[in-house]
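The block underneath contains the structure these notes are about, expressed in structure tokens.
Just so you know, all these numbers are worked out from the coordinates, no wet-lab data involved. This structure is a prediction, so every number in the text was calculated from the model and none was measured. Glycine also receives a Cβ, built like all others from the backbone with ideal geometry; neighbour counts cover every protein chain displayed.
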Amino acid sequence: LPLPFRFPLSLRMVEEMLAARGITVSHETVRQWALTFGREIADRLRRRAPRRGDKWHLDEVVLTIAGTKHYLWRAVDRDGFVLDVLVQSRRDAEAAKRLLRKLLKKQGRAPRVLVTDKLKSCAVAKRTIMPGVEHRQHKGVNNRAENSHQPTRRRERQMKRFKSPRPVQRFLSIQDPIANLFHLRRDHRPASDYHAARAQAFTAWVEVDRAPLAA
């Protein structure tokens, strides 16, 4: 049941959609199904994903969780595909270093170019973790990362704010690989190419979603 990760639906909305089809479950059951099967679907999509671009955009956004400020750090490539996310309580150099180390471990290589805003913590972390990588700091050239926060903001509004950091990290680590599959950049291609790309995404989705999943 990956619907809450694919669309900005509440658990109770999914409960009602299933009820309309004769399936009676509680929204808490929907939550458990989504987390159990969503993780495996996301992992399969990551394994199928092509190698991402060598230009990384980093940005952080404030999340208010249980009345406390947290920071969602996100990295995307030059085409807007999400590379990784990390929810942290701070936005200092150590927080930036933690994200860069996580990125290097998962991507298996350093980027050619790192793009950030004017946050000094990113510059300090970059000099320590990636001293040989070109670094561009300018708010105007980092729109790619800033725009990638929009699905999270929609989810935050739907859930009437997040309740605790760990579920946010868990949810977004599943949502982003699914969002990457349907990140088709409609404004950069003619309608025929977009429809073909969307059909390919649907095919991949069916192959992953209908494969036997661990219970």
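Things worth noting here:
- Extension gain, Leu184 to Lys120: 0.36 nm times the residue separation minus the Cα-Cα distance gives 19.8 nm.
- Taken along its principal axes, the alpha carbon cloud of region 83-144 reaches lengths of 28, 28, 22 Å, longest axis first.
- Region 6-68: C-alpha gyration tensor shape, a/c 1.5 cut-off, then a/b vs b/c: oblate
- Normalising the average separation of contacting C-alpha pairs (under 8 angstrom, six or more residues apart) by the number of residues puts the relative contact order of region 33-83 at 30 percent.
- Theoretical FRET efficiency, 1/(1+(r/R0)^6), r = Cβ-Cβ of His135 and Val62, R0 35 Å, to 0.05: 0.90
- From most to least packed by mean Cβ count within 10 Å, the peptides 192-205, 57-70, 40-53, 81-94 give 81-94, 57-70, 40-53, 192-205.
- Cα extents of region 1-145 along the three principal axes, largest first (Å): 58, 38, 25
- Sites Arg109 and His195 - FRET efficiency at Förster radius 30 Å, r taken between beta-carbons, to 0.05: 0.35
- Rough spin-label spacing in nm, given labels placed 7 Å along Cα→Cβ, for Arg170 and Arg78: 3.8 nm
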